[in-house]
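Chemist: Sharing a structure below in structure tokens format, with a few things to ask.
The values are calculated or read from the model by the stated rules, or taken from the named source; none is laboratory data. Keep in mind it's a predicted model, so treat the numbers as computed, not measured. Glycine gets a Cβ as well: all are built from the backbone with ideal geometry, and neighbour counts include every protein chain shown.
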There are 2 protein chains.
Amino acid sequence: MSKNPSENHHGQRTGEVRIELPESADAEVYFIGRIRTPWKIRKDCPRNARQARETGAICTIEIDPRWTQALKGVETCSHLVVLYWMDQSRRDLVLQVPGGDCATGMQRGTFSLRSPARPNPIAMSVVQLVKVEGTHLSVISLDCLDGTPLIDLKPYFASTDSIPDAEVGWHADRVNASLPPPEE
Amino acid sequence: MSKNPSENHHGQRTGEVRIELPESADAEVYFIGRIRTPWKIRKDCPRNARQARETGAICTIEIDPRWTQALKGVETCSHLVVLYWMDQSRRDLVLQVPGGDCATGMQRGTFSLRSPARPNPIAMSVVQLVKVEGTHLSVISLDCLDGTPLIDLKPYFASTDSIPDAEVGWHADRVNASLPPPEE
């Protein structure tokens, strides 16, 4: 396994720690559609959801026709929670060294990061819904590769999902120290 | 299959529409822990995340020891995104009649609801982190049954996850009409 610090999350960077995955899985997932984005290779992807939003790119969520009726009422939502399957990510890392931290080798726990490398490689993004046309939803914006499998869509309720004063301490410390933006 | 309007989501209510699930699944999930809540049976569960928060109940997320190191830094987060597997929910409903809508039989699309009945029965809640002790996280609050399997934890970033002015049109219409609170 590569130890090259420039390795992306298909590999393992210096300082990253992996464990043995369980011998068997516990449940199964259906892919219910695909996400179309302008990003065909990993290095072109935005580093996080904020960067994705700043690009202003319109991405398209294509729902498998089997689920068409399940879209009823979605058009009344201004924002959606999108869950998608980061199918190219490794699942066995417990400590990671995000790209922006390679110089210091700072280890961060997988559950303190939004990195796609996690035991269940499910990404969650909040997107603005621009348009619904049949089974195609235009949204701003997603940070994943073109073709990424979709696993769920939900309405975003500000009453429970919006916490404007939430803090991520380790991240705030980095910003305060004027370090370059990390992968989150 | 039961057509009793009082049926819960293990069954099917009048007006609800199901489809044939795909013949095979596309990916596998590991359960990475369990959620401990005060709610042992379905009818005692809060109806949604807002009600759960209003109970003020402290719930406990128990992480499988395999993933202990992945918790590094989580204690610096004020809020977390929790993904969990609603293992008692059916997965084949595309149109649902939420409990509060039984009288009118109003059909709503699965992707416009936070109902646990969905193709991939993954619930997402934003919780306040109260305390971390080893592999046990105390949080306010979750709306699921005691023993529900955990599948992911993520830091909540207000910069991308908080949209205070987001709207769910169908839900706002209900509130404006002074209808009883629906399941979301």
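Chemist: Scan the range A:44-68 residue by residue and report those that are of a type in the set (Asp, Glu) and either closer than 14 Å to residue A:124 by Cα or touching a Leu at 6+ places or on another chain (Cβ under 9 Å) (or both).
Modeler: Narrowing the range A:44-68 to residues of a type in the set (Asp, Glu): A:44, A:54, A:62, A:64.
Within the range A:44-68, A:44, A:62, A:64 qualify.
Chemist: Hey, another quick one. Exactly one condition in (1) out of contact with any Leu (no Cβ under 7 Å at 6 or more places or on another chain); (2) without any contact (Cβ under 8 Å) to a residue 60 or more places away in the chain; (3) closer than 20 Å to residue B:59 by Cα is false for residue B:141; which is it?
Modeler: So the condition that residue B:141 fails would be (2).
Chemist: Now a separate question. Kindly establish whether residue A:150 is more than 10 Å from chain B (Cβ to nearest Cβ), crowded, with 19+ Cβ neighbours inside 10 Å and either touching a Cys at 6+ places or on another chain (Cβ under 8 Å) or outside any loop (DSSP other than H, G, I, E, B) (or both). Don't jump to the end; show me each part of the working.
Modeler: Values: more than 10 Å from chain B (Cβ to nearest Cβ): no; crowded, with 19+ Cβ neighbours inside 10 Å: yes; either touching a Cys at 6+ places or on another chain (Cβ under 8 Å) or outside any loop (DSSP other than H, G, I, E, B) (or both): yes.
So residue A:150 fails the test.
Chemist: Looking at the range B:27-43 only, could you name the residues that are under 14 Å from the mean Cα position of the chain (by Cα) and more than 11 Å from residue B:147 (Cβ to Cβ)?
Modeler: Passing the criteria: only B:42.
Chemist: Determine if the range A:14-27 includes at least one residue that is part of a strand (DSSP E or B), at the interface with chain B (Cβ under 9 Å from one of its Cβ atoms) and surrounded by 20 or more Cβ atoms within 10 Å (Cβ to Cβ).
Modeler: Kept after step one, since they are part of a strand (DSSP E or B), are these residues of the range A:14-27: A:17-18, A:27.
Keeping just the survivors that are at the interface with chain B (Cβ under 9 Å from one of its Cβ atoms) gives A:17, A:27.
Filter again for surrounded by 20 or more Cβ atoms within 10 Å (Cβ to Cβ), leaving none.
No, the range A:14-27 has no match at all.
Chemist: Among the residues in the range B:63-75, are any at the interface with another protein chain (Cβ under 10 Å from one of its Cβ atoms), over 20 Å from residue B:135 (Cβ atoms) and in contact with a strand residue (DSSP E or B) (Cβ under 8 Å, 6 or more places away or on another chain)?
Modeler: no
Chemist: Select from the range B:92-102 the residues that are surrounded by fewer than 18 Cβ atoms within 10 Å (Cβ to Cβ) and modelled with pLDDT of 95 or more and list them in ascending order. Even if it seems obvious, please write down each step before you answer.
Modeler: Here is the first cut: in the range B:92-102, the ones surrounded by fewer than 18 Cβ atoms within 10 Å (Cβ to Cβ) are B:92, B:99-100, B:102.
Residue satisfying the conditions is B:92 alone.
Chemist: For residue A:105, state whether it is in contact with a Gly (Cβ under 8 Å, 6 or more places away or on another chain), more than 10 Å from every other protein chain (Cβ to nearest Cβ), more than 24 Å from residue A:44 (Cβ to Cβ) and surrounded by fewer than 19 Cβ atoms within 10 Å (Cβ to Cβ).
Modeler: Values: in contact with a Gly (Cβ under 8 Å, 6 or more places away or on another chain): yes; more than 10 Å from every other protein chain (Cβ to nearest Cβ): yes; more than 24 Å from residue A:44 (Cβ to Cβ): yes; surrounded by fewer than 19 Cβ atoms within 10 Å (Cβ to Cβ): yes.
In short, yes.
Chemist: I'd like to know if the range B:67-83 contains one or more residues that are modelled with pLDDT under 90 and surrounded by fewer than 16 Cβ atoms within 10 Å (Cβ to Cβ).
Modeler: Taking the range B:67-83 first, the residues modelled with pLDDT under 90 are none.
Looking through the range B:67-83, none of the residues is modelled with pLDDT under 90 and surrounded by fewer than 16 Cβ atoms within 10 Å (Cβ to Cβ).
Chemist: Oh, and also: Would you mind finding the one in B:141, B:115 that is modelled with pLDDT of 90 or more, surrounded by 16 or more Cβ atoms within 10 Å (Cβ to Cβ), of a type in the set (Ser, Thr, Tyr) and under 29 Å from residue B:102 (Cα atoms)? Steps first, answer last, please.
Modeler: Details: B:141 fails: modelled with pLDDT of 90 or more.
Sole residue among the options that is modelled with pLDDT of 90 or more, surrounded by 16 or more Cβ atoms within 10 Å (Cβ to Cβ), of a type in the set (Ser, Thr, Tyr) and under 29 Å from residue B:102 (Cα atoms): B:115.
Chemist: Do you know which of the residues in the range A:30-54 that are among the charged types (D, E, K, R) and more than 23 Å from residue B:26 (Cα to Cα) is farthest from the other protein chains (Cβ to nearest Cβ)?
Modeler: The qualifying residue farthest from the other protein chains (Cβ to nearest Cβ) is A:43.
Chemist: Here is a further query. Scanning the range A:108-144 for residues that are more than 9 Å from chain B (Cβ to nearest Cβ), of a type in the set (S, T, N, Q) and under 12 Å from the mean Cα position of the chain (by Cα), which turns out farthest from residue A:170 (Cα to Cα)?
Modeler: Here the residue is A:141.
Chemist: To continue, here is another question. Filter the range B:1-54 for residues that are at pLDDT 90 or above and more than 25 Å from residue A:32 (Cα to Cα) and give the result.
Modeler: Within the range B:1-54, B:33, B:34, B:35, B:36, B:37, B:38, B:39, B:40, B:41 meet the criteria.
Chemist: Still on this structure: Look through the range B:84-106, keep the residues that are outside any loop (DSSP other than H, G, I, E, B) and hydrophobic (A, V, I, L, M, F, W, C), and return whichever of them is nearest to the chain's Cα centre (by Cα). Please lay out each step first, then the result.
Modeler: Kept after step one, since they are outside any loop (DSSP other than H, G, I, E, B), are these residues of the range B:84-106: B:84-85, B:93-96, B:99-101.
Narrowing further to those that are hydrophobic (A, V, I, L, M, F, W, C): B:85, B:93-95.
On the way: B:85: 8, B:93: 16, B:94: 17, B:95: 18 Å.
Among them, the one singled out is B:85.
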